[in-house]
Structure formats: structure tokens, C-alpha cells
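Here's the structure we're looking at; comments come further down.
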Amino acid sequence: MLRFCSRNVPGQPLRVLNARCTSRIASLPFGTSLANVRSQTFDHVPWNGLSARSLSSSAAAVNIVVPSDQLGFAAGNSLRDLPISNADERKVSVLWSPQNWSRFHHIWLRDHCRCADCFHPVTKQRLVNTFEIPPDIKPVHVQSTKEGLEVVWPSTSSEFHSSFYPWSWLQTHTYDPPAQAAPHSERVHYIVFMTKDFFADRELSRKVLWGSSISKAPPTITYKEAMDESDRGLYKWLANIDLFGFCLVSDVPPTPGATEKLSERIGFIRETQYGKFWEFTADLSKGDTAYTTMALGAHTDNTYFTDPCGLQLFHLLSHTEGSGGATLLVDGFYVASILKELYPELHSIISRVPIPAHAAGEPSALYQPNAPSGYPVLAHDIVTNELVQVRWNNDDRSVMSRLDPSLVEDWYNAIRVWHKLLTSPDSEYWIQLTPGTVLSVDNHRVLHGRSAFEGKRRVCGAYIGVDEYRSKLTVLREKFDPKFKFAAQGRDHKAGGRSIWSPAL
């Protein structure tokens, strides 16, 4: 009895592809034409349109493994429409095209089986016991199908275990060779291979870097769109923040209540020492310069937290008896890209040297990051080296007592150049907010500030955690982005409501 993924096929013996043909295919280098590869006739039965021969269940009982040079792909008439797959002693190789291939270790494939016994279809949690997988596990059979790769594994019982992996899922998660991440300014699209006549144009998470010229057409949606129950406007809002790092919401009722409800459309509001949903004027009711009339340079909030907030929303409810108080926005990713291009050694310094920070204006609270040395200005993904976070507020910086003596002058030079680029007219986008317009900012990317002002200003707003924001965006992407939906297709792709092949998993 052969066990296939999340379904059983009673009475079907395991069938191994034409051994002579597959051994010849497996021995060929990638890119070799298969036009002259011929298979020898065997006693066979059809299986999924492929020529195959039988392996009895008695062989399974003694856990016989077919030699790796007999594993591979033997096709019927649809060979040209499918990736070519074969296996050696350690890896399964997939040839997408003569110039494009991937390799997956046997243990990696077995660990990522997503049948119902190995991956819970509802909770989307791993059930397979990774530590019981033999380190030298090898498949007894691999096969390319129209939908994806099928791999049959040996088992200690009388049954084999079969795993299935959609082609799109394999390409999304290819690691050998490593996927090359394009720079933010170049990340636009990539192609997910399916079959000869079936391609998916899946959009990467793009970042549009901007300078002062963004003032000509800042990303904006309406309050009506954001609050619409269909969530399509909400998706547009969050997608704009993901793309540009900020988004304006127009026609918002100039009240704290309406602003709070708008904030909660994204996720639950994060409570801090300033309260949950906050409202303030220049009265120093909290120990922070935001509660004054002073100018504030471009900065990110919460550098003194181990986990700074993800989004920040501002709504100017009123400004009377005075003027000033223009809002400043700077794309930290844009400035970082300039620094890296012009001064790579300085970019490296502010990406490596941690900066301690504190919030100590309230007698009842003193906040510092959990890491005593703090965190660098620029944080990068440990694998792709992509920039993922900007953390900068020189006003909240603590004593640099852990700075390497050999780097003191270089570090001060690096932050001086960083500051110069931040304050360049090319980098600064100034906007005069008015009642009815809410500014939403990605606090991990876009720095904000303001000019000094006179008179009485009343501002309200909220913090939202980065994980809550990213979660909501991903859920809405699953709902509205056809490219995201397409990439998640595969067998049992709707088990438990969310695809088990979702790129997010």
C-alpha cells in the first residue's frame, strides 16, 4: 500500500520509472538535450501518463532503497512542459531551464513535507519530528508532474511516505544556488516557473525610494476608502506604506475618536509611557521635547525600546493663535542608499556600531534597550543583507562608552556625513498638515520631524507594532493580490482556509 501526501491509494503498488532511462538522464550534465535519450521497454503500467514499472510492497517492508543513479524523471509526451528532476546521494536537482536550476537536500525536503501528517492543515504548524529524520535519508523515487515535484521516501513500516512540492513553492524557497536579492530600487518583479504555458508574474515586496520630489504626488487614500468594510481600501493604504514608507489619509473627521478608529483598522494600538491613544499639546505634560514648541530634527521614535513601534499615526486636530509646525519626512532607506554608494566605509560603520539610547524624562520610568550597547543605525537582514530598519535619534542617544577606541573619530565622521545627507534639501519632504489629514509613517524606515511653531497645537495619534502591521498587510495580500494567491496554489491549497503553500509560511 502506497501512501500519497494527504491521501491513500489502496491497492496501488509503488512504481519506479524506467531505470535505464533515468540512470542515463541522471548522469547527464544540466543543459544537455534529452532528444537522443531513449528508454528501454519494460513490463509497465501507465501512471499519471508516465511509463513506469512496479516495485512490490514486500520490498517496502525491508526498506529497499532504489540506487540514486536510478532516480529521476522519465517523461511521456509532456517532457518539454515540465522541469527535469533527478536525485543523487544527497540532493534532488530540478532543472527549470538550461540556465536555471535548483538543488534541495534530501533532509530539507523531508523536513518540509506538508502532508496532513507532517504539517497541520489548520494551524499551519509542523508535525513532523525533525529529529527522527535519518541524517542520510534518501528518496526511493522522484517524479516531475504538472503540479509539482513528488518524492517518495523509505519508511520503517510497510508503507512508503510520499511528499509533494508545488513548482512555485520550490522556486520561491530555492537556496542552492542562493536567490539573489536585488537592491530596493531595482526590486520589481520575478517569474515563478510553472509549465511551458503557465507562468506566474509574482511581484516582490517593492520599495520605492524617494527624496523631496515626492511632494509632487505623495501617496494618499481617503478616509472612506480606509474604513470601507470590503478592506480593499485598507489594503491600498498598507500597501502604500509598504511601498513608500508613509501614506496620507485625507478627509478624516478632525476628532480623536475618528482617528482612533482609523488606527484600529490596522491592528491593536500599542500602549507606551505616553499612553495608548495619545493626545498632546506643547505643555510638557510628558518628559519629551515633542511636548514643546521646539523644532525636532529628522528621527525615528522609540530608539530606546528593544522593539520600536512599527507604524506611527499623527493627526493635527487644531492649530490656533500662531503658525509654523511644518512636518518633515525623510526616507531613511533613500539616504542609506546614497551613503552606501558614496561612502561605503562610513555606511559599514553605522551598520555595525551599536548606539545606546534612553527615555528618562519621566521620573517613574527609564527605558533602555535590552541590549546594553544598543543597536546600529542601520539593520540588515542577516542572510540577504537587505536593509530592514533605520534607528536614529541623536537626541535620545546615551553615552558612547562601549565604542571601540580605534573607531571614535571614524564613527563621529560617519554620523556627521549621515546627518548631512539627512538634512540635504534633496532628502527632505516638508508638508504642512491640516485638520482632516492623518499621516501614517513606517517608523522602521521613514524619519520624521517638525519645524518650530507658535500658538496652540493639538495633536493626537497612536503607535502600532510592526508585527501587527505586517500581519494585517499579509492577510490582505492573501485576499486581494492575485499574484500572491497564485503562488500559493498546489494540492490541498485551501486546507484550513489558508494555503499550506502560502509564500508567507
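The values are calculated or read from the model by the stated rules, or taken from the named source; none is laboratory data. None of these values were measured; they are calculated from a predicted model. Cβ atoms come from the backbone with ideal geometry, glycine included; neighbour counts cover every protein chain shown. Side chains are part of the model used for accessible areas, which takes the heavy atoms of the whole protein and leaves out ligands, DNA and RNA. Shrake-Rupley method; radii C 1.70, N 1.55, O 1.52, S 1.80 Å.
Heavy atoms only, probe 1.4 angstrom, no DNA, RNA or ligands counted: give me Leu339, Leu421 ranked by accessible area, highest first.
Reading off the accessible areas and sorting them downward yields Leu421, Leu339.
Only sites in a loop by DSSP and with at most 13 other Cβ atoms within 10 Å count here; which trypsin sites (Lys or Arg not before Pro) in the stretch 364-464 make the cut?
Arg402
Which aspartates and glutamates, if any, have their Cα less than 16 Å from the Cα of Lys91, not counting same-chain residues under 8 positions apart?
Once the sequence-local aspartates and glutamates are set aside, what remains near Lys91 is Asp69, Asp111, Asp136, Glu150, Asp176.
Between Val475 and Asp81, what is the FRET efficiency for a Förster distance of 45 Å, r being their Cβ-Cβ separation, to the nearest 0.05?
Here the calculated transfer efficiency is 0.85.
Hey, which aspartates and glutamates would be in cross-link range of Lys146, C-alpha to C-alpha under 12 Å, not counting anything within fewer than 8 residues on its own chain?
Excluding near neighbours in sequence, the set is Asp81, Asp197.
For a distance above 23 Å, tell me the whole-number percent of Cα pairs in the stretch 252-358 that qualify. Display every interim value, and only then the final one.
Values: 2539 of 5671 pairs.
Of the Cα pairs, 45 percent sit more than 23 Å apart.
Scan around Trp210 for amide H atoms under 5 Å from its own, H built in the peptide plane at 1.01 Å from N, and keep only partners 5 or more places away or cross-chain.
When sequence neighbours closer than 5 places are left aside, the close amide H contacts are Tyr334.
When the C-alpha atoms of the stretch 397-477 are aligned to their principal axes, what extent does each axis show, in angstrom, from largest down?
Largest to smallest, the principal-axis extents are 50, 41, 26 Å.
Could you rank the peptides 426-433, 316-323, 91-98 by their average count of other C-beta atoms within 10 Å per residue, with the highest value first? If you can, show how the numbers build up before the last one.
On the way: 426-433: 16.4, 316-323: 13.8, 91-98: 18.8.
Listed from highest to lowest mean packing, they are 91-98, 426-433, 316-323.
For the stretch 309-353, would you read off the P(r) tail past 11 Å as a percentage of all alpha carbon pairs?
When all Cα pairs of the stretch 309-353 are counted, 77 percent exceed 11 Å.
Just the number, please: carbon plus sulfur as a percent of the accessible area of the stretch 294-416, 1.4 Å probe, no ligands or DNA/RNA counted.
Numbers: 3040 of 5800 Å².
Carbon plus sulfur share of accessible area: 52 percent.
Kindly write out, for the stretch 405-414 in residue order, the coupling ³J(HN,Hα) from the Karplus curve 6.51 cos²θ - 1.76 cosθ + 1.60 (θ = phi - 60°), rounded to whole Hz, with x marking Gly and Pro.
Those phi angles translate into x, 6, 10, 4, 4, 5, 5, 5, 5, 5 Hz.
Which value results for Rg/Rh of the stretch 371-505 when Rg is the Cα radius of gyration and Rh the Kirkwood radius based on the inverse mean 1/r?
Details: Rg = 21.1 Å, Rh = 19.6 Å.
The Rg/Rh ratio comes out at 1.07.
Quick check: residue separation of Ser323 and Ala365 times 0.36 nm, minus the Cα distance between them. What number comes out in nm?
Result for the pair: 11.8 nm of gain on full extension.
Could you check the spin-label model distance between Glu386 and Ala217? Points 7 Å from the Cα along Cα→Cβ, value in nm.
In this crude spin-label approximation the distance works out to 2.4 nm.
Of Lys124/Lys340; Lys124/Lys276; Lys138/Lys479; Lys224/Lys483; Lys286/Lys472, which sit over 29 Å apart, Cα to Cα?
Listed pairs above 29 Å: Lys124/Lys340; Lys124/Lys276; Lys138/Lys479; Lys286/Lys472.
Just to confirm the filter: which GluC sites (Glu not before Pro) across the stretch 451-483 are DSSP coil and have at most 15 other Cβ within 10 angstrom of their Cβ?
Working: sites: Glu454, Glu468, Glu478; in loops: Glu454.
When the GluC sites (Glu not before Pro) of the stretch 451-483 are filtered for loop state and at most 15 Cβ neighbours within 10 Å, Glu454 remain.
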